[in-house]
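Enquirer: Pasting a structure below so you can have a look.
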Amino acid sequence: MAAEGIGTAEERDESFSIGGIGGVANASAKQNQLLKQAAETVVLQLTEQLTATTSRITPLAQSAQSTMNAVVADVTNNQVILNQGAQAGLSPGMILSVERIDREVTDPTTGEVIRTLTSPVGQIELTDVDARSSVGRVLSGAGFQVGDRVAAVK
């Protein structure tokens, strides 16, 4: 994210303007007050811009999480390997929920799966991620199986 702000404050014939946040050595009390007012204007502008940007980014992140279709590819002791990695947006440190598919409901007309019902198996934390796979350590749960589905913890 990036944002810009310009703050200007004026008093009588004196003015002081900043294009970012900074200071002036040995500035008078009036200049310090003007600098403060200009800086407050800049901070307000930056806050508004960053808030607007965040509101556009959050739905994208949530959309990426909701479309994650990683599954468990291997389980050995406390280590779980997934079939997706950095190309799918996964990164070390992510906490993921592992879920077992209990039932898939299909549309009787088209045969398309319209809802998948799952039950939680546990949680893992990703410790190593390459382009196409991820390794996680078990944080909670037991009985992880190849084919279990993975979802981002919200």
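The values are calculated or read from the model by the stated rules, or taken from the named source; none is laboratory data. Note that the coordinates shown come from a computational prediction; the quantities given were computed from them, not determined experimentally. Because the Cβ atoms are built from the backbone with ideal geometry, glycine has one as well, and the counts that use them run over all protein chains shown.
Enquirer: Which strands (runs of 3 or more DSSP E) sit wholly inside the range 101-154 and have at least 2 residues that are acidic (D, E)?
Expert: Qualifying strands (runs of 3 or more DSSP E): 113-129.
Enquirer: Another question, if that's okay. So L96 fits all but one of (1) among the aliphatic types (A, V, I, L, M); (2) assigned to a strand (DSSP E or B); (3) more than 16 Å from V153 (Cα to Cα); what number is the exception?
Expert: The single condition L96 does not satisfy is (3).
Enquirer: Next question, about the same structure. Taking T8 and the conditions (1) assigned to a helix (DSSP H, G or I); (2) at pLDDT 55 or above, which numbered condition does it fall short on, given that it satisfies the others?
Expert: Unmet condition: (1).
Enquirer: May I ask you to say which residue of S119, S134 is of a type in the set (G, A, S) and touching a residue at least 40 places away in the same chain (Cβ under 8 Å)?
Expert: S134
Enquirer: Test each condition in (1) over 13 Å from A70 (Cα atoms); (2) touching a helix residue (DSSP H, G or I) at 6+ places or on another chain (Cβ under 7 Å) for Q123 and report the one that comes out false.
Expert: Only one criterion is unmet by Q123, namely (2).
Enquirer: Only one of Q45, Q62, Q49 is exposed (fewer than 13 other Cβ atoms within 10 Å of the Cβ), at pLDDT below 85 and either under 26 Å from the mean Cα position of the chain (by Cα) or at positive phi (or both); which?
Expert: Answer to the selection: Q62.
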